[in-house]
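Input: a single structure, listed below in structure tokens.
The values are calculated or read from the model by the stated rules, or taken from the named source; none is laboratory data. Keep in mind the model is a prediction, meaning the values are calculated, not measured. All Cβ positions, glycine included, derive from the backbone under ideal geometry; neighbour counts span all protein chains shown. We work out accessible area using only protein heavy atoms, side chains counted, and drop any ligands, DNA or RNA first. Shrake-Rupley method; radii C 1.70, N 1.55, O 1.52, S 1.80 Å.
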Amino acid sequence: MQEKKILVTGANGQIGKVLTEELRKVYGIYNVLATDIQRNLDDPCYEFLDVLNQYRMKEIISDYQISEVYHLAALLSASGEYNPVKTWNINLNGWISILELAKELKLEKVFFPSTIAVFGKTTPRDFTPQHVPLQPETIYGVSKATGEMLCHYYHQKYGIDVRSLRYPGIISYQSIPVGGTTDYAVEIFYAAKKNEVYKCFLEKDTRLPMMYINDAIRATIELMQAPSESIKCRMGYNLAAISFTPEEIYEEIRTHYPDFKIIYEPDFRQKIASSWTEVIDDQEARKDWGWQHAFDLKAMVNDMLENIAI
Ligand code: SER
């Protein structure tokens, strides 16, 4: 059997960075090739790769004898609104190139990160079930909903082992997320640590599904390691951990920093957040491949405050 060789696109991003590290712990540094659009001379297993360059992508997959791809390169919900065509190209054209290469080069498995941004006003907001109307209101959501459909299509048409998760907002200390609507839940920790007033760009009672990075990475690896027959859904699996509002996370941080202050100045991101759902029902992920989250709000805040470096 061929040794597992993994390619990660977008490896410098919020999820990509931590996922690459964890995959390397499991499979070894030289079996996990990190790629992104910055040079990185410090990483011993790294290639510059623009996911829109499909010739180079094919060359890299062939040269390194890649067997699994995690396509994490993406523009997120808020920054995507400034550049819809670029968002579509990176999030979707990069993805279809990978699916085509999966077919041509017979890759073992491919992973597509989807998101709560695939939901829209026609989706039930509370305990959002797995199979619901997807009518997203951002180009990011449109690209991810279409990406999920490609997952399903390439699986049923060509038998590609495609797996996907609908990530909630991800909270992490390893890097600062850029361009997302859920980013406030990371920024707020930096303000608390620096003793600054936090100016929140969402309203205080906007409840959104969220997840700590440790849970998100474990979910990804567990999904990809699950036997193929237990993967019953080839679109993105609903994935849940915690749901909270800005005021609730603020109050939890205040148990550590009693003088911490927040003010609310909602901007265009409020409209995006209001189009998403509040609490996700992820029973299919729990039933099919045994998903269980570990971090609640309290545990996540403790761990963030312990690890965040300013
Ligand atoms: N974190 C993402 C965003 O806010 C949602 O998937 O855009």
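A few points about this structure:
- Backbone N within the stretch 92-109 under 11 Å of label point (7 Å from LYS157 Cα along the Cβ vector): 100
- With DNA, RNA and ligands ignored, accessible area of ILE310 (1.4 Å probe; Å², nearest 10): 120 Å²
- Average Cα contact separation per residue, the chain, under 8 Å, 6 or more apart, as relative contact order %: 19 percent
- Using θ = phi - 60° in the Karplus curve 6.51 cos²θ - 1.76 cosθ + 1.60, the 3J(HN,Hα) couplings for the stretch 216-231 round to 4, 5, 5, 4, 5, 5, 5, 4, 6, 8, 5, x, 3, 5, 8, 8 Hz; x is entered for Gly and Pro.
- For the stretch 146-163, 3J(HN,Hα) per residue [Karplus equation, 6.51 cos²θ - 1.76 cosθ + 1.60, θ = phi - 60°, Hz, x = Gly/Pro]: 5, x, 4, 5, 5, 4, 4, 4, 5, 6, 6, 7, 10, x, 5, 7, 9, 10
- Database remark: amide H of TYR198 closer than 5 angstrom to the amide H of LYS261, ILE262, ILE263 (H placed geometrically; neighbours at sequence offset of 5 or more, or on other chains; Pro and chain starts carry no H).
- Cross-link table LYS144/LYS271; LYS232/LYS298; LYS194/LYS298, entries beyond 26 Å C-alpha to C-alpha: LYS232/LYS298
- Dimensions in Å of the chain - Rg and Dmax from alpha carbons: 18.8, 59
- Positive-end extreme of charge dipole, the stretch 1-141 - chosen from THR9, GLN130, GLN38 (charges on Cβ): GLN130
- Working from label points 7 Å from Cα in the Cα-to-Cβ sense, the GLU187 to LYS121 distance is 2.5 nm.
- For the stretch 201-310: span of alpha carbons on each principal axis (Å, largest first): 51, 32, 21
- Between the stretch 257-301 and the stretch 1-57, the C-alpha centres lie 28 angstrom from each other.
- Per-residue 3J(HN,Hα) values for the stretch 243-260, derived from phi via the Karplus relation 6.51 cos²θ - 1.76 cosθ + 1.60 with θ = phi - 60°, read 10, 8, 9, x, 5, 5, 6, 4, 4, 5, 5, 5, 5, 9, 10, x, 8, 4 Hz in sequence order (x marks Gly and Pro).
- Shown is the FRET efficiency for GLU203 and ARG286, computed with R0 = 30 Å from the Cβ-Cβ distance and rounded to the nearest 0.05: 0.45.
- Accessible area (Å², 1.4 Å probe, nearest 10) - TRP88: 90 Å²
- Only DSSP H runs of four or more residues enter the estimate; each adds -39500 (n - 2.57), and after division by the residues of the chain the mean residue ellipticity at 222 nm equals -11500 deg cm²/dmol.
- The listed residues GLU278, GLU137, once ranked by accessible area (1.4 Å probe) with the largest placed first, stand as GLU137, GLU278.
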